[in-house]
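Novice: First the structure, then my questions, so here it is.
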Amino acid sequence: MDGLQAGSPILVLVLIAQISDCHIRDSIGMFGGLVDTSETLARVVEHLNGLNPAPDVVLATGDLTDDGTEIQYSMFLDLVAGLEIPLLPLPGNHDVWDAFRSAFTDRLPDTIAEGHCSYVVDSHPVRLVGLDTLIPGRHDGLFHEGHEEWLDAVLQMEPDVAFHKAVVGPQEDGTYVVATTQRIDPAGESVAFQ
């Protein structure tokens, strides 16, 4: 190994795919006539399975269903059943915690945070952290003191963080704003995902 010397950092590559806002629905609803979300997700699964190289993991970051019902989660799980890549779900503002946790029991780690669906996964070449800022029944998110304490403890290990609704701040008044999907790297730089 000509270019590496003792003590040199070794680069480990990991390929992460992200899907978001699947909005699987069991009725036409307001936007059902515009987009067949089930057909779209089926095509996405087929595309992901055909990638070479294949992703190491698929992050499903929020609004996996339109209304967070058990039927919609069942439909989502049926649609991703053929996915040949591990899937890690994170709730969004259209998801419902109890139904979400019930549907993804076998895909969520045992280390889910108290009071929110945030978690850490260490089974990949990089540490994956999902931060849930869901406010039940609302379309915005909230980054509260409990989130801050949990995330501060987790970030001591310098991971990247994927959000469905990202935390931006602190603002001049000391509050945090929840915005669009972003990635925050260990240096604290924030780069839009979507």
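Novice: Would you please give the FRET efficiency between ASN49 and LEU155, computed as 1/(1 + (r/R0)^6) with r the Cβ-Cβ distance and R0 = 22 Å, to the nearest 0.05? Provide the component values of the computation, followed by the final result.
Specialist: Values: r = 33 Å, r/R0 = 1.50.
Efficiency at R0 = 22 Å is approximately 0.10.
Novice: Which distance in Å, rounded to a whole number, links the C-alpha centroids of region 68-104 and region 105-119?
Specialist: Cα centres, region 68-104 to region 105-119: 13 Å.
Novice: Residues of region 122-147 with backbone nitrogen within less than 19 Å of a virtual label 7 Å along the Cα-to-Cβ line of ASP26, please, listed as ranges.
Specialist: 137
Novice: Another question, then. Count neighbours as other Cβ atoms within 10 Å of each site's Cβ, and list the GluC sites (Glu not before Pro) in region 26-121 that are DSSP loop with at most 15 such neighbours.
Specialist: Values: sites: GLU39, GLU46, GLU70, GLU84, GLU114; in loops: GLU84, GLU114.
Of the GluC sites (Glu not before Pro), the ones in loops of region 26-121 whose Cβ has at most 15 other Cβ atoms within 10 Å are GLU84, GLU114.
Novice: First compute the accessible area of region 32-110 with a 1.4 Å probe, then give the percent of it belonging to carbon and sulfur atoms.
Specialist: Working: 1940 of 3850 Å².
About 50 percent, which is the carbon plus sulfur part of the accessible surface.
Novice: So between ASP67 and LEU142, what do we pick up on full extension, going 0.36 nm a residue minus the alpha carbon distance? Don't skip to the end; give the middle numbers.
Specialist: On the way: separation 75, 0.36 × 75 = 27.00 nm, distance 1.93 nm.
Working it through step by step, the gained length comes to 25.1 nm.
The values are calculated or read from the model by the stated rules, or taken from the named source; none is laboratory data. Keep in mind it's a predicted model, so treat the numbers as computed, not measured. Cβ: placed from backbone, ideal geometry, glycine included. Neighbour counts: every protein chain shown. What goes into the accessible areas is simple: the full protein's heavy atoms, side chains included, and nothing from ligands, DNA or RNA. Shrake-Rupley method; radii C 1.70, N 1.55, O 1.52, S 1.80 Å.
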